[in-house]
């Protein structure tokens, strides 16, 4: 009955105030890392503990509705500077805030015993001579301790694990915290080597604190009235309630520590089993790897080596027989897909097996053969004498060529072979891939002739193929890194002497190869079907420059080249150019489109249609390189262009110079009579310029006037209006 009355006496004030809404809110800042005094209940997520119940009781008796708010600051001294809290709990005495503000504290809510914890049960020196480790959140307690024991040495740590590590490392002699917290912390299994030093027990007050202001003094005064109404029996009941609870819950690491011996034994057993399993797996894996290597290194159709197997065996032979003169051949059946289509795939497979069988019959142990892919075979053969080739022709090549003829079918096989002779350097630095590339280049040369036969590799072929790869493969990176620059070659009005326009050209400063001539990289890009990427890049750069010049009040027109490879059925070239003019706000007549004369010969219908559409959009279309070798009167009649760019081949090439002058004179007259403009390009001497001007050619372009130049140099020139 007595205990029931005690519990009822504790909560009567709560019931009496529950139905009122007139209580003033009191925001109380508290730490949350001091179980069982302050901690977060895992089920409710709310802050609870001995201190929470005491401050609630005191606040209710003082007429406040306490709102508990976890302190987010590093220390309680810092929290005193936060106006978001009305009071902070707990303090042992009045201290200064982190910023130096004076504080006022309440009456004591309870006496809190503080004890030292050491490693083991060793005796400790007096407090004044100790090195003590404490949590940095206990900064207020530290200030009180230093007032009580001026000579004490205190080290601050951010967490309890850090404190324990410092104690075990001998950095401090003992750790200090209140006894209630130690009763919780020392339940951790891994802290079993720590012991409480009861002989060094000291007590500290447990008070609420706030900055020393009028409002703060009022709050503390009211709280003191509430604290005075708390009985010792109520305090003891709250403390007993929490200290009798089993609040500590083992985490993963605690369980690991507790069962470490059992786990260690289990781990040892598992390790032994794992070693045995790994060993068994290793044996099975090696056996499987051997089978897999055999599958990878053997061609399943012919039974000879695959590409990987050939490269591996060839490297072994070259290394093991350094004195052998080896030839590496790359062999291919011309149009093998037609063999499969006409004779059937089974017959094609039979042909490949026959080829492999005949070849292997003439090879020694110091030689090897492999199927690279499809109908492509590689052979590493010792070179012994010239008659060896004749024997190979008789025993292998001719039987393969006549495979179907010998079986009553009217089809002769055509073998194309490229041969690379290994050098002493190849024996020192073995690179089978490179040797195959050399032989493949030679085979490609045979195939390009449309015939069958044998071709020996030469270094010039390799350099040409390498150059193609260097240029075509690196183009995207070159465009991204702006290694390709747009240069301008001015065009001159011979009557006024002013610059009336320019032709956009490109120059490539390769990151590794340096400056590359357009005569080198443009044909390669055309052959690789990459010229459109370059041209569209140049067109856009030119439009950006035209836009900038227009904004500067400098209206200019520029000729850009349209390659014959750019013009295909799948591309809307006129629409693309018109889109650029809209994007950069320039007029179509500022962009003159040059199309080479040979393009009209190769793609007349589509190109004439494209030219007409360009002119409908307002672009000026120029026929470039007129007179370079394909000129015809029919072309001038059929092609709707605005301007002819006349090549001065007639004045610079071989032949009768007088006849050349007559032809050029008549071409100038003819172009003017057709109502077209004329630009003479390639003007290199004053005599050429004077001759052209004398016979009515007004616009000229060439090294006599200006060489192609970077855009910054071109912008320094005085540009006429082009009229």
Filter segment 234-252 for residues that are exposed (fewer than 12 other Cβ atoms within 10 Å of the Cβ) and part of a helix (DSSP H, G or I); which is modelled with the highest pLDDT? 240
Any residue in segment 283-303 that is at positive phi sitting within a Cβ distance under 9 Å of a residue that is at pLDDT below 65? List the pairs, counting only those 6 or more apart or interchain. none
Would you tally the residues in segment 612-626 being assigned to a strand (DSSP E or B) and either at negative phi or surrounded by fewer than 20 Cβ atoms within 10 Å (Cβ to Cβ) (or both)? 6
With respect to the numbered conditions (1) surrounded by 13 or more Cβ atoms within 10 Å (Cβ to Cβ); (2) in the same structural domain as residue 378 (by TED's automatic domain parsing), which one is the sole condition not fulfilled by residue 303? (1)
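Can you tell me how many residues in segment 333-356 are assigned to a helix (DSSP H, G or I), free of Cβ contacts under 8 Å to residues at least 40 places away in the same chain and either farther than 13 Å from residue 414 by Cα or in contact with a strand residue (DSSP E or B) (Cβ under 8 Å, 6 or more places away or on another chain) (or both)? I'd like the intermediate steps shown before the answer.
At the first step, the residues of segment 333-356 found to be assigned to a helix (DSSP H, G or I) are 336-343, 345-356.
Going one step further and asking which of them are free of Cβ contacts under 8 Å to residues at least 40 places away in the same chain, we end up with 336-338, 340-341, 345-346, 348, 350.
Subset that is either farther than 13 Å from residue 414 by Cα or in contact with a strand residue (DSSP E or B) (Cβ under 8 Å, 6 or more places away or on another chain) (or both): 340-341, 345-346, 348, 350.
Looking only at that region, the number is 6.
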Of (1) closer than 25 Å to residue 583 by Cβ; (2) loosely packed, with under 14 Cβ neighbours inside 10 Å, residue 538 satisfies every one except (2)
Exception for residue 507 within (1) part of a helix (DSSP H, G or I); (2) farther than 30 Å from residue 322 by Cα; (3) within 38 Å of the chain's Cα centre (by Cα) falls at (1)
Is it true that some residue in segment 201-212 is in the same structural domain as residue 119 (by TED's automatic domain parsing), out of contact with any strand residue (DSSP E or B) (no Cβ under 8 Å at 6 or more places or on another chain) and either in contact (Cβ under 8 Å) with a residue 60 or more places away in the chain or under 21 Å from residue 93 (Cα atoms) (or both)? no
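Can you find a residue that is part of a helix (DSSP H, G or I) and on the phi < 0 side of the Ramachandran plot anywhere in segment 479-500?
Taking segment 479-500 first, the residues part of a helix (DSSP H, G or I) are 479-480.
Among the residues that remain, those that are also on the phi < 0 side of the Ramachandran plot are: 479-480.
For segment 479-500, residues part of a helix (DSSP H, G or I) and on the phi < 0 side of the Ramachandran plot: present.
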Unique residue being in contact (Cβ under 8 Å) with a residue 12 or more places away in the chain and either out of contact with any helix residue (DSSP H, G or I) (no Cβ under 8 Å at 6 or more places or on another chain) or within 30 Å of residue 584 (Cα to Cα) (or both) when the list is 533, 527: 533
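Select from segment 424-451 the residues that are modelled with pLDDT under 85 and on the phi < 0 side of the Ramachandran plot and write down the one among them that is surrounded by the fewest Cβ atoms within 10 Å (Cβ to Cβ).
So in segment 424-451, the residues modelled with pLDDT under 85 come out as 424, 448-451.
From the residues that got through so far, the ones that are on the phi < 0 side of the Ramachandran plot too are 424, 448-449, 451.
Working: 424: 8, 448: 10, 449: 10, 451: 10.
Checking each candidate, the answer is 424.
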If we scan segment 571-585, do we find a residue that is within 23 Å of residue 640 (Cα to Cα), surrounded by 15 or more Cβ atoms within 10 Å (Cβ to Cβ) and modelled with pLDDT under 90? no
Just one listed residue, out of 238, 227, is farther than 20 Å from residue 182 by Cα, in contact with a strand residue (DSSP E or B) (Cβ under 9 Å, 6 or more places away or on another chain) and assigned by TED's automatic domain parsing to the domain that holds residue 148, and it is 227
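Within segment 636-662, can you find the residues that are surrounded by fewer than 17 Cβ atoms within 10 Å (Cβ to Cβ) and either modelled with pLDDT of 80 or more or more than 24 Å from residue 494 (Cα to Cα) (or both)? Write out each step before concluding.
Just the residues of segment 636-662 that are surrounded by fewer than 17 Cβ atoms within 10 Å (Cβ to Cβ), to begin with: 637-638, 640, 652-659, 661-662.
Within segment 636-662, 637, 638, 640, 654, 655, 656, 658, 659, 661, 662 meet the criteria.
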With respect to the numbered conditions (1) at pLDDT below 90; (2) touching a helix residue (DSSP H, G or I) at 6+ places or on another chain (Cβ under 8 Å), which one is the sole condition not fulfilled by residue 619? (1)
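Conditions tested, residue by residue: (1) crowded, with 18+ Cβ neighbours inside 10 Å; (2) within 48 Å of the chain's Cα centre (by Cα).
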site	(1), (2)
150	no, no
159	no, yes
181	yes, no
184	yes, no
194	yes, no
210	yes, no
Can you pull out the residues in segment 78-104 that are over 26 Å from residue 160 (Cβ atoms) and in contact (Cβ under 8 Å) with a residue 60 or more places away in the chain? 86, 94, 101, 102, 103, 104
Scanning segment 373-418 for residues that are out of contact with any helix residue (DSSP H, G or I) (no Cβ under 8 Å at 6 or more places or on another chain) and assigned to a loop (DSSP other than H, G, I, E, B), which turns out modelled with the lowest pLDDT? 386
If a residue must be in contact with a strand residue (DSSP E or B) (Cβ under 6 Å, 6 or more places away or on another chain) and part of a loop (DSSP other than H, G, I, E, B), how many such residues does segment 108-123 contain? 3
Elements of type helices (runs of 4 or more DSSP H) contained in segment 1-107, each with 2 or more residues being modelled with pLDDT of 95 or more and within 51 Å of the chain's Cα centre (by Cα): none
From the set of residues in segment 678-708 that are in contact with a helix residue (DSSP H, G or I) (Cβ under 8 Å, 6 or more places away or on another chain) and in a strand (DSSP E or B), which is farthest from residue 626 (Cα to Cα)? 700
For segment 419-434, give me the residue count where each residue is outside any helix (DSSP H, G or I) and over 39 Å from the mean Cα position of the chain (by Cα). 5
Where residue 146 falls short, out of the listed (1) surrounded by fewer than 21 Cβ atoms within 10 Å (Cβ to Cβ); (2) touching a residue at least 60 places away in the same chain (Cβ under 8 Å); (3) over 13 Å from residue 117 (Cα atoms): (2)
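The values are calculated or read from the model by the stated rules, or taken from the named source; none is laboratory data. It should be emphasised that the depicted structure is a prediction, and the values quoted were computed from it without experimental measurement. Cβ coordinates were reconstructed from backbone atoms using ideal geometry, including for glycine residues, and neighbour counts include every protein chain displayed.
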